[in-house]
Each structure stands twice: as C-alpha cells, then as structure tokens.
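Some notes on the structure that comes next.
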Amino acid sequence: MKWTILSVLFLTTVSSNGQATNPPLINLNTFKSIPEDMMGVGESFYLSAKDKKEQKFICTTDMETALIYINQKPVRLKSIDVTDFSKNKQIFTHDKYTLIIIEGPSKKVSDEYYTMSGELILKYDSKTVWSKNVKGDGGD
C-alpha cells in the first residue's frame, strides 16, 4: 500500500513538472489618457466606433513605443521593427509580452490624418492570449 501511494505521488510530481505553464490571467482594458511623451505622430486603436467616439483606446503607439493596459496597469512595449512598415505589421515587446499590430488598408482623411482597421494580437511567451479586430486612426 505504501509503495502504491509513493508511486502515485512520484508519477503525479513528474508529470506536473513536465507540463507547460499557463499564462497568467490577462484582461486588456480601454483607457482614455495618453501620456504627454507619446503625443504627436502615431496611431491609436479602438475596439468599436463607439469607443473611438468616446476616445477610449485599447492601444496607442508613437511608432517606437506601444501602450496597452493589462489588468488595469499600463504596459509600455518597445518596437523591435521600426523601419519595416511595408508589411503593415508592427511588433512590440516587453518582458514576456509581444504585441503584434496588423493594419488593414488605410484611408487618407486629410494631409496628416488617416483611418484604418486592423488586428491586435497579444502573446505571452509564444502563446496568443488576446486577439481582436480593431478600428484605428493615425497622424503624420
């Protein structure tokens, strides 16, 4: 009986150590305030037309930095590919997080303002933990 219990405990311990860890619970939150140092040239993304009208961002960038709120806390991610906009894909990282922004075609509204749709993908390690289609706008 002792050997059976020890065997079960050993096998349970060994099998749990070999499993991949799950990412933490992640909620992306909208926010209304953009830090002063990120104002100017950049892009902002919204979950809906209503959020855009109310200026409730899900993400904003200044092309070198992206800002998102994870579990009510601001997280700044740094761009790892500033110069290659030809693929309409930007990648930002911070610790174990990777934010991928894939932009659809843009529509020029004025000389320095455009709108677009796209997709935001948030990964923790290499596992996708959040993905949404978004509305966006930007300025030069």
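A few points about this structure:
- Residue within the range 73-87 that is exposed (fewer than 10 other Cβ atoms within 10 Å of the Cβ), modelled with pLDDT of 95 or more, closer than 28 Å to Ser126 by Cα and not β-branched (Val, Ile, Thr) present: yes
- Near pairs, Cβ below 7 angstrom, 6+ apart or cross-chain, from the range 28-39 (of a type in the set (Asp, Glu) and outside any loop (DSSP other than H, G, I, E, B)) to any residue that is modelled with pLDDT of 95 or more and surrounded by 10 or more Cβ atoms within 10 Å (Cβ to Cβ): none
- The criterion of at least 1 residues that are in contact (Cβ under 8 Å) with a residue 40 or more places away in the chain is met by the following strands (runs of 3 or more DSSP E) wholly inside the range 42-133: 42-46, 59-61, 65-70, 73-79, 97-110, 113-124.
Here's the yes/no breakdown for (1) within 14 Å of the chain's Cα centre (by Cα); (2) modelled with pLDDT of 95 or more; (3) among the small types (Gly, Ala, Ser):
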| residue | (1), (2), (3) |
| --- | --- |
| Thr12 | no, no, no |
| Ser16 | no, no, yes |
| Asn22 | no, no, no |
| Tyr46 | yes, yes, no |
| Lys50 | no, yes, no |
| Ile58 | yes, yes, no |
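The values are calculated or read from the model by the stated rules, or taken from the named source; none is laboratory data. Keep in mind that this is a model prediction, so the values were computed, not measured. With ideal geometry, Cβ positions are generated from the backbone for all residues, glycine too; neighbour counts draw on all protein chains shown.
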